[in-house]
Each structure stands twice: as structure tokens, then as C-alpha cells.
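What follows is a single structure, written as C-alpha cells, with notes after it.
The values are calculated or read from the model by the stated rules, or taken from the named source; none is laboratory data. As the structure is a computational prediction, the values presented were derived from the model and not from experiment. Note: ideal-geometry Cβ built from the backbone for every residue, glycine included; neighbour counts use all protein chains shown.
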């Protein structure tokens, strides 16, 4: 259903995609495998099955372009609001006086306010079917932790979440949401694990990082029976679950006979960007479409814009296998920006490969300029975006102004990956001019990159 003037595009429930899209068969070159840090050899999938759901590891390694979604997951998807609508930002277009058409996918409408349930539900379902009783994870801003806590409650699983300490302090109501869904939440680094105690001993006021929180969650998962770990981004099975977003978007754009010239999303690990973009990247690689893909990160954590493409650990305590990705070094401690979901030292291997091959472009912004864009979007479209999503909005505004300058009509599509109703401290700081920009020095980046293993 399309309302007047293409302002809202609603995909009928009967058109909900029945499969996820797996980009691995369409990558321009083979994805480098995870390596055992001790031997430098590819990791046996059975090792990863001790950490993750077995079905997720099967999907991680799959060469199938499409992977069927079980009926039980489809049922929960629809219960949580899928398919999500696409809106056109006509008021923003008018304020910018741009010939560009701006469309955004409403992933903020899920019960936890973000795109994260798309993979949380899938992972919780597979763990439940496997007989697992307890699930551990990390979370930055709390969007992923909230989604996994909800998914675990739906499948009667116990959940344990390590939340980066800076976000734990900045966003107390995200903790409350997780606890309402039954999760136990700890500020990371915590005193609950060997890894956490190590970093607390070094700095009792440590702001935490996703790398440290991952280490803590993995330590617990590996140390307890009938317990496994669930990941909110980075690995391929997580990203392919998110492609439900882009697959819906393709159908919705077809309904109004439009096709995006540019697809935009913010990047922390890469899940929401991959979700909206990968089905369209398939069209560029396989069908010759000329769509641009723009991934947006914070200048405080410039993995793709200032990092290196190399094998590195996915966590700070060096528990994970080595992944080939854009990284700032697993010892990099991000500044406490409000976009907690983007405070990760590396990027998804498949996304990193696409950046390396220049299929995906990347750009970085300061948090003051993205919050300025968020306020403009809120006042024009009536939606308060999460600080993470505000990075994408800033890039979209810049693209729209570029279209105005060049007098070119462009169709821009972006993923409104989360709302900011639990991020009001960021807006308060911005309104009071107390928001601080952070950008690591070249010296700090080089110092952190020393920790990257020397792997050919």
C-alpha cells in the first residue's frame, strides 16, 4: 500500500521475505577465513560451535545465496512489526530545498526501538532449538542488549549482558529495558570476570569498550555448561539476518517504481548498514546497477577511514579468532561518545572487503555535527533519532545539499536504525553546548595498531 505522494510505503505481511540474503557468493573476492591465533591456520567450524549456535555457524560458512527463514522466526518477525514501512522525508527535502528524494526505512518502530531484533530473534530461536539455557552477550548503547533480552524472553532463555560502562552510566533506562525482559546486566569492565577485573585494576574508572565487553561475555559462555554467546554485529550470520531490511526495501521501492541512487547507513560493526545495503549491493555486483553505498562512522572511532585492513582479534582480551577487517587495533579504547553502538575497534569482514574493493565508500563525522543533523531531522520529520542513526542522517543531508548544488535529482535511501528516546542525555548535552568532540591523534592510533598481530 502506498499513500498519497509516496510519503509512506507499506509492504503487506503476505510479501514479507521468506529468505535472508547471503552476500558471500557475490563478494568480488573470497572472504578471508577466521584464523587460529596460535597456529595462523583457518579455524575449524567445530571450534566456533562451542561459542555460537550450530545453525548460525552453518549459515556463517554457507555458500547459498538465499537461506530460508523458519516459520517460527517469521511469526515473531510479524509480531514485532515486520514488514517495517518506508517514509519519504518531504519536509526535510523542503527545508534543504533539494531536488533529491530522501526515503528512510523505519527500523526504529520495533518494540526495542532498533533493527537489532532481526538477528536477536533468529539467534535466540536457534539456541533454544539446540537446548541451550543461558545466553551471554555485550552491548554498547544497549540496543543490541535490549533486543537479545527480548528475544531470550520469547524463547524462555536466561540472558546475561555486559554493557560498556560509559553507556551504562549515560543510558540507565536501556538497562531498565533489558532487566524488564529478564536480563542480568553488568557495567563492563565488571568484577564478574577475569578479563573485567584486569581492566578495572588498571583503571577503576575505565569507560569500557565493546572489545572488553565481548571478552567478558565470551569468558562466561566458555566457562559454563549449556551456555553460549550471541553476537549483535560483525560476523556474516548476523549481517545476513539483517538483510530482511533491504529485501523489504527493494520490494517497497519497486512499488513506487523508484530505485536508490545512494544507500546510506551508520557503521559500528556493520549490521544495520549491511541489512539495508547488501540486497542492493547484489544488484550492483550481479546486475550492473550504479548505486553508491555510503557507510558512516564517528571520527572518534575511525576504523575504515584511518584504520588498517588486517587480521585482528575481535575482542580486547584476545579470546576470539583473528578476523580480516578494518581495525584500529583491539587495544584501542574509544572515547565515551553518545553513539555507544559505534564504539567498536573493527568492522565486519564482509563489509571491510567491500570497502577495500571500493564498492562501499566511508566517511566520518564529529558527534556535534551529527547531533545538529539529528535536531534538524527531528524538527522536520517529528522523529528523534538515535545518535548512531544521526551519523547516517548527517551524510544524507550532505548528499542532498550536493544534489542541490549540482542540480541533480537523486533518490537517497537510508536506514533509520533506531530511535533516540532513551538517548536524551545526548540531546541535553547538545542543547547545553556541553557535548565534546573526540578524535584520536595519529600517534594514539599508531600506538594502538601495534597490538595488531603480524599475520600475512
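From (1) modelled with pLDDT of 95 or more; (2) in contact with a helix residue (DSSP H, G or I) (Cβ under 9 Å, 6 or more places away or on another chain); (3) surrounded by 16 or more Cβ atoms within 10 Å (Cβ to Cβ), pick out the condition that doesn't hold for residue 19. Against the list (1) modelled with pLDDT of 95 or more; (2) in contact with a helix residue (DSSP H, G or I) (Cβ under 9 Å, 6 or more places away or on another chain); (3) surrounded by 16 or more Cβ atoms within 10 Å (Cβ to Cβ), residue 19 comes up short only on (3). Every condition in (1) touching a helix residue (DSSP H, G or I) at 6+ places or on another chain (Cβ under 7 Å); (2) assigned to a helix (DSSP H, G or I); (3) more than 30 Å from residue 57 (Cβ to Cβ) is met by residue 260 except one, and the failing one is (2). Of 233, 215, 209, all but one fail to be within 16 Å of residue 143 (Cβ to Cβ) and at pLDDT below 95; the exception is 233. Of all the listed residues (397, 384), the sole one being buried (at least 18 other Cβ atoms within 10 Å of the Cβ), touching a helix residue (DSSP H, G or I) at 6+ places or on another chain (Cβ under 9 Å) and without any contact (Cβ under 8 Å) to a residue 60 or more places away in the chain is 384. On the basis of being more than 20 Å from the chain's Cα centre (by Cα), at pLDDT 95 or above, assigned by TED's automatic domain parsing to the domain that holds residue 410 and part of a helix (DSSP H, G or I), does residue 254 make the cut? When the stated conditions are applied, residue 254 passes them. Condition (residue is at pLDDT below 95 and crowded, with 23+ Cβ neighbours inside 10 Å) applied to the range 155-165: is it met by at least one residue? Yes - at least one qualifying residue is present in the range 155-165. Scan the range 22-36 residue by residue and report those that are surrounded by 15 or more Cβ atoms within 10 Å (Cβ to Cβ), assigned to a loop (DSSP other than H, G, I, E, B) and either at positive phi or out of contact with any helix residue (DSSP H, G or I) (no Cβ under 8 Å at 6 or more places or on another chain) (or both). Hit for the range 22-36 is 33, nothing else.
Apart from one condition, residue 231 fits all of (1) in the same structural domain as residue 347 (by TED's automatic domain parsing); (2) outside any helix (DSSP H, G or I); the exception is (1). From the list 335, 352, 362, the lone residue that is farther than 29 Å from residue 99 by Cα, in contact with a strand residue (DSSP E or B) (Cβ under 8 Å, 6 or more places away or on another chain) and either surrounded by fewer than 24 Cβ atoms within 10 Å (Cβ to Cβ) or modelled with pLDDT of 95 or more (or both) is 352. Considering only the range 425-456, state which residues are touching a helix residue (DSSP H, G or I) at 6+ places or on another chain (Cβ under 9 Å) and assigned to a helix (DSSP H, G or I). If the condition is that a residue be touching a helix residue (DSSP H, G or I) at 6+ places or on another chain (Cβ under 9 Å) and assigned to a helix (DSSP H, G or I), then 425, 426, 427, 429, 430, 431, 442, 445 are the ones that fit. The condition of being under 24 Å from residue 85 (Cα atoms) and in contact with a helix residue (DSSP H, G or I) (Cβ under 6 Å, 6 or more places away or on another chain) does not hold for residue 347. Scanning the range 281-318 for residues that are touching a strand residue (DSSP E or B) at 6+ places or on another chain (Cβ under 8 Å) and either in a strand (DSSP E or B) or without any contact (Cβ under 8 Å) to a residue 40 or more places away in the chain (or both) yields a total of 14. In this structure, residue 217 does not qualify as surrounded by 22 or more Cβ atoms within 10 Å (Cβ to Cβ), in a helix (DSSP H, G or I) and more than 20 Å from the chain's Cα centre (by Cα).
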